[in-house]
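For reference, the structure discussed in these notes is given below.
Please treat every number below as a calculation from the coordinates, not as lab data. Please read all numbers here as calculations on a predicted model, not as lab measurements. All Cβ positions, even for glycine, are placed from backbone atoms using ideal geometry, and neighbour counts span all protein chains on display.
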Amino acid sequence: MRETPDLSRKRSAHDRAGVTESMEDYLECIFDLESSKGYACVSDVAESLQLNRASTSIMVKRLGKLGFLRYEPYRGFALTPEGRRVAERIRKRHAMLADLFHQMGLDHREHLSDIEGIEHHLSERAFRRFAELAGHLRLHPLPRRRAATRPAKP
C-alpha cells in the first residue's frame with residue numbers, strides 16, 4: 001500500500017531540513033545587518049523586515065534555540081556558523097536568480113518579489129540547473145526585445 005503525502009501545509013524545498021522560508025528571511029536579514037553594521041539587534045531586524053518587535057523577538061529566540069544565532073538579551077546577537085551557512089546559501093540563490101533574470105532581459109529590481117519567492121523553493125538540483133542556464137545565457141545571450149512601437153498618430 002502506497003502512502004499519500006500530507007499536502008495540508010505548504011512545503012518548500014528547504015522545509016525538509018527544518019528551515020522555513022520565514023527563518024531564511026530572518027537569517028538573510030541578520031547576515032546583511034552584520035555585514036553592514038557589524039551587529040544585529042531585534043529593533044533593526046524588525047525595521048528591515050517591516051515587522052513588529054514582539055514577533056521578531058520570538059523568532060530570534062527560536063533561531064537561537066535551533067542553533068542559528070548566539071543571542072544575548074539586551075546586547076544583540078550574531079549568526080553561528082550554521083546560521084551563516086544558511087544565510088550565505090540563500091544569498092547565493094538570490095544573486096544567481098537576479099543574474100538569470102538579467103540574462104533573460106528582465107530587470108531584477110522589477111521582479112524582486114518573484115526572485116524572493118523562487119529562491120526559497122528551489123531544490124539543490126533545480127538551483128544547479130538554473131545556475132547552468134544563467135551561465136549559458138551569459139555565453140549565448142538572448143536577443144533583446146525592442147520596445148513596442150506604437151503607430152504614429154495621424
For residue 69, residues with placed amide H under 5 Å, excluding near neighbours: 64, 80
For the stretch 89-137: span of alpha carbons on each principal axis (Å, largest first): 25, 23, 13
Can you work out the FRET efficiency for the pair residue 36 and residue 124, with r the C-beta to C-beta distance and R0 = 30 Å, to the nearest 0.05? 0.60
Measuring from label point to label point, each 7 Å out along Cα→Cβ, what is the residue 109 to residue 70 span in nm? 3.8
Applied in sequence order to the stretch 33-44, the curve 6.51 cos²θ - 1.76 cosθ + 1.60 (Karplus, θ = phi - 60°) yields integer Hz couplings, x standing for Gly and Pro, of 5, 4, 5, 8, 10, x, 7, 9, 9, 4, 5, 5
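If neighbour count is taken as other Cβ atoms inside 10 Å, put 107, 25 in order from fewest to most.
On the way: 107 10, 25 19.
Ordered from fewest to most neighbouring Cβ atoms within 10 Å, 107, 25 come out as 107, 25.
Using only Cα atoms, what Kirkwood radius does the stretch 12-109 have, in angstroms?
Details: mean 1/r = 0.0711 Å⁻¹.
Its Kirkwood hydrodynamic radius stands at 14.1 Å.
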